[in-house]
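Student: Sharing a structure, written as structure tokens. Questions coming.
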Amino acid sequence: MPKRGYHHGNLRQALVEAALSLIEAKGPTGFTLSEAAKTAGVTPAAVYRHFEGREDLIAEAARQGYEIFADLMQFAFDKGQPSALASFEATGRAYLAFARKYPGHYIAMFESGISVNRTPELAAVATRARGVMEHAAAELSKHIPPEKRPPASMFSAHIWAMSHGVVELYARNSPGTQSPFAPEDLLESGIGVYLRGLGLIAPDQ
């Protein structure tokens, strides 16, 4: 690949794209900045015009991932309206869909060890993404008597954890963790059990 030099107009984004491909292939700690530069077709020195180190590069990949993730979650929520139940269930499915479609971003966000508080921009967009699911939980919680209503943040955290667990164990081809059920079915049935426990959907007859 020919060198594009220091004046490549979209060098910063080219480096992010290179990092994402390397993250997918080698994991978040399996590549160097030099490899990212080579993949992007620039000199290693050019990287430092935009990023102080590999963690800064991964943090930017994570930030962009959260932007996509938040938009996807919001789209899922809106598509389920005006049903609070449909909107809530859609956000859970959107989590799984995101992990499958954007594995490099997903790894940068959740498996790289990069804190969401590393930069104000990353923290803000991560908060926006969580806020969509919390809003969905809050809307659905209105159908629970106040004295039995869990905090929306706890409600959404439970579903987030369930979604994350299904992704990690069964949707990312982890060795030795094959399930006899599709990840989508596992997540849908798990959410169903949870919502039945809260009295939000009718029990099975």
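The values are calculated or read from the model by the stated rules, or taken from the named source; none is laboratory data. Quick caveat: nothing in here was measured; it's all calculated off a predicted structure. Please note: Cβ atoms are built from the backbone with ideal geometry, for glycine as well, and neighbour counts cover all protein chains shown. Just so you know, the surface numbers come from the protein's heavy atoms only, side chains and all, with ligands and any DNA or RNA stripped out. Shrake-Rupley method; radii C 1.70, N 1.55, O 1.52, S 1.80 Å.
Student: Pairs needed: first member in segment 124-144, among the acidic types (D, E); second member anywhere, open to solvent by 10 Å² or more (accessible area, probe 1.4 Å) and assigned to a helix (DSSP H, G or I); C-beta distance under 7 Å; at least 6 residues apart or different chains.
Tutor: E134/A152; E134/S153; E139/A84
Student: Looking only at residues in segment 141-180 that are among the aliphatic types (A, V, I, L, M) and at pLDDT below 85, which one is most open to solvent (accessible area, probe 1.4 Å)?
Tutor: We begin by selecting, within segment 141-180, every residue among the aliphatic types (A, V, I, L, M); these are 144, 152, 154, 157, 159, 161-162, 166-167, 169, 171.
Still in the list and also at pLDDT below 85: 169, 171.
Values: L169: 84, A171: 21 Å².
Of everything passing the filter in segment 141-180, L169 is most open to solvent (accessible area, probe 1.4 Å).
Student: What single numbered condition from (1) at pLDDT below 90; (2) not assigned by TED's automatic domain parsing to the domain that holds H164 fails to hold for A84?
Tutor: (2)
Student: What do you reckon, is E184 at pLDDT below 85 and in the same structural domain as A84 (by TED's automatic domain parsing)? Explain how you work it out, then say what you get.
Tutor: Numbers: at pLDDT below 85: yes; in the same structural domain as A84 (by TED's automatic domain parsing): yes.
Here the answer is yes, as E184 does meet what is asked.
Student: Name the helices (runs of 4 or more DSSP H) wholly inside segment 34-124 in which the number of residues that are closer than 30 Å to G199 by Cβ and open to solvent by 20 Å² or more (accessible area, probe 1.4 Å) is 2 or more.
Tutor: Ranges flagged: 54-80, 84-101.
Student: Search segment 6-18 for residues being in contact with a helix residue (DSSP H, G or I) (Cβ under 7 Å, 6 or more places away or on another chain) and at pLDDT below 90, and hand back the single one that is surrounded by the fewest Cβ atoms within 10 Å (Cβ to Cβ).
Tutor: Narrowing segment 6-18 to residues in contact with a helix residue (DSSP H, G or I) (Cβ under 7 Å, 6 or more places away or on another chain): 6, 8, 11, 14-16, 18.
Imposing the further condition that a residue be at pLDDT below 90 reduces the set to 6, 8, 11.
Working: Y6: 11, H8: 16, L11: 20.
Once the filter is applied, the top-ranked residue is Y6.
Student: Scanning segment 19-33 for residues that are small (G, A, S) and in a loop (DSSP other than H, G, I, E, B), which turns out most open to solvent (accessible area, probe 1.4 Å)?
Tutor: Applying the first criterion (small (G, A, S)) to segment 19-33 yields 19, 21, 25, 27, 30.
With the extra rule that they be in a loop (DSSP other than H, G, I, E, B), the set shrinks to 27, 30.
Numbers: G27: 17, G30: 33 Å².
Looking at the filtered set, the residue picked out is G30.
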